[in-house]
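Derivation of every value follows stated rules applied to the coordinates shown; laboratory data play no part. Nothing here was measured: the structure is a model prediction, and the numbers come from that model. FYI the Cβ positions are ideal-geometry reconstructions off the backbone, even for glycines, and counts take in every protein chain you see.
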Amino acid sequence: MNVQVHAIECIPVRRLANFSLDHFVSFLTEEDFEQLPSTPIPELLRCNLATAALQILAMGITNISTFDFLSKPDEKSITAALRELTYLRAIQQSNDNTYELTNDGRKMACFPLDPK
């Protein structure tokens, strides 16, 4: 059996409790390695977009639809995230189709949690 050692992209913190980073490896067979996608899915497309939108608004960027993402999510996902944040009263829409944080939104942006 031909076994190759490859780095792991994301390791949950709870699994690192008994390991040091320089000794933690994953063993994959060559067949398993060949089945992996050639490029990983960008983090922004895997996470809750409402969290990213809240952080972008907290940085003072008021129009997320025109923000220059490296891997831009589709407009439907952006709209859903803004709708969720509006429902939670974390943001409010201005007259010129921009958004701003509410007091609750500023508090929510301080916590590393998904807004729900």
Pseudo-spin-label distance Leu88 to Ile41, built 7 Å along Cα→Cβ, given in nm, is 2.0
For Lys107, which lysines qualify as cross-link partners when the Cα separation must be under 16 Å and same-chain residues fewer than eight apart are set aside?
Lys116
Taking Met108, Met59 and counting other beta carbon atoms within 10 angstrom, the fewest-first order is Met59, Met108
So for the pair Asp32, Glu75, with labels modelled 7 Å out along Cα→Cβ, what separation do we get in nm?
4.3
In nm², the average projected area of the convex hull spanned by the Cα atoms of segment 28-87 is 5.4
What are the residues whose amide H is under 5 Å from the amide H of Thr62, where those residues sit 5 or more places off or on another chain and H is modelled from the backbone?
none
Per-residue HN-Hα couplings for segment 90-102, Karplus 6.51 cos²θ - 1.76 cosθ + 1.60 at θ = phi - 60°, whole Hz, x for Gly and Pro?
8, 9, 9, 7, 8, 5, 9, 6, 10, 10, 9, 6, 8
Listed by chain and number, the residues whose amide H is under 5 Å from that of Ile91, excluding neighbours fewer than 5 places away on the same chain and using placed H, are Thr86, Thr102
So who's got an amide H within less than 5 Å of the one on Leu28, skipping anything under 5 residues away but keeping other chains? H placed 1.01 Å off N, in plane.
Gln4, His6
